[in-house]
Amino acid sequence: MAPPALRSRVPVYLLTGHLGSGKTTLLASWLRSPELTDCALIINEIGEVGLDQYTLYGATETAALVANACICCTGLPGLAAALADLFWARLERKIKPFRMVVIETTGLADPFPVLQTFQTDSLLKERYQIAGVVTTLSATTGRLTLGRYPEALSQISAADLIVMTKTDIASIVEQDALFEVASALNPGARLANSANASLNASAMLVLLSTGRSASAKEDASFPASSPREKHGHSHSAESFFIPLSALDSQMLHHLLERWISLSNPLLLRLKGIVELTDGSFVVVQWALGDTRAKLLPFTLARNLLPAIRTGLTVIVEAGFNVRGSFTVDEI
């Protein structure tokens, strides 16, 4: 049994998974559940303009953003500072008390340096405790990402719970084959399926609690980088932001289709908030493996719209010089 000082530390859940694997969709569902009431949230996004903090706005009263940096490398100081700020603000009663912290990493993050920080930073080691690592794995693109991107392998290797997402659009044969690969990479992880965020927070917490024991997590020693990246961590992707003024919905669809067709398969992610000429706003989401971009009405955090930079964050494979392809000249 852990000593009293350790039992009183704030549990931290790390949610990771490669680009477009469904992390934010799951998290949005979990944050609406009573099990995650009084949860503090730290969102990490790559790119100069974030999206997740707006789509998750209102799900918790205590949230922080580590933006335009990956918390496994350049963003580590920002993560440590965010956790320290949360601790002191709670202690000084400047914010509502929270019982746990959930950290959503960017899809490019290697979790191992993040986990090691909780063992090396004095305040984090004393006041916080890693309670579980959840990794999302897309049933449609999981084999591709695991075969192509080192950070995807690290995310699976670090997981206590692997959640296969998008199972509604993948065959049972495909799912079984992918689970076999994931199990071979991390035999100790629990496995679960989720279609349209069907895995609820209660089931997630039960799976974590019946997986690796708390003492095993406490005694674990996390390397600064995954065993597959002993020669140093480097990202396999980069991002840039394209500001967009108000567009007709048909023009926006045309623009997205042109960009996707010109840049596949080296285009990894498109996401952002775009204003339409009728005065409404839409959330644009596309990830590797999607047949077309999704445009959803933006209904959350509308009071923040004046401060939001409308446009799209584009994430491509590193070294893929496509900025010239992402133009609006044709419209």
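Quick note: the coordinates plus some simple rules give every number you see, no bench work behind them. If you're wondering where the values come from, they're calculated on a predicted model, not measured in any experiment. Neighbour counts run over all protein chains shown; Cβ positions are idealised from the backbone, glycine included.
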| query | Spin-label point model (7 Å from Cα, Cβ direction): what's the Arg143 to Arg99 distance in nm? | reply | 4.2 nm
| query | Order of His254, His18 from fewest to most other C-beta atoms within 10 Å? | reply | His254, His18
| query | Taking neighbour Cβ counts within 10 Å as the exposure measure, how do Trp88, Trp30 sort from fewest upward? | reply | Trp88, Trp30
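Tell me, what is the FRET efficiency for Gln119 and Ile169 to the nearest 0.05, using R0 = 45 angstrom and their Cβ-Cβ distance as r?
Values: r = 39 Å, r/R0 = 0.87.
In this case the efficiency is close to 0.70.
Based on the Cβ-Cβ distance from Ile260 to Asp176, what FRET efficiency comes out when R0 is 30 Å, to the nearest 0.05?
Values: r = 30 Å, r/R0 = 0.99.
My answer for the efficiency is 0.50.
How much length is gained on full extension from Lys294 to Ala184, taking 0.36 nm per residue of separation minus their Cα-Cα distance? Write out the running numbers ahead of the final one.
Working: separation 110, 0.36 × 110 = 39.60 nm, distance 3.34 nm.
Taking Lys294 through Ala184 to full extension adds about 36.3 nm, to one decimal.
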| Between His253 and Glu126, what is the spin-label point distance in nm, taking each point 7 Å from the Cα along the Cα→C-beta axis? | 5.9 nm
| query | Taking neighbour counts of Cβ atoms within 10 Å as a proxy for exposure, in what order, fewest first, do Glu151, Glu126 appear? | reply | Glu126, Glu151
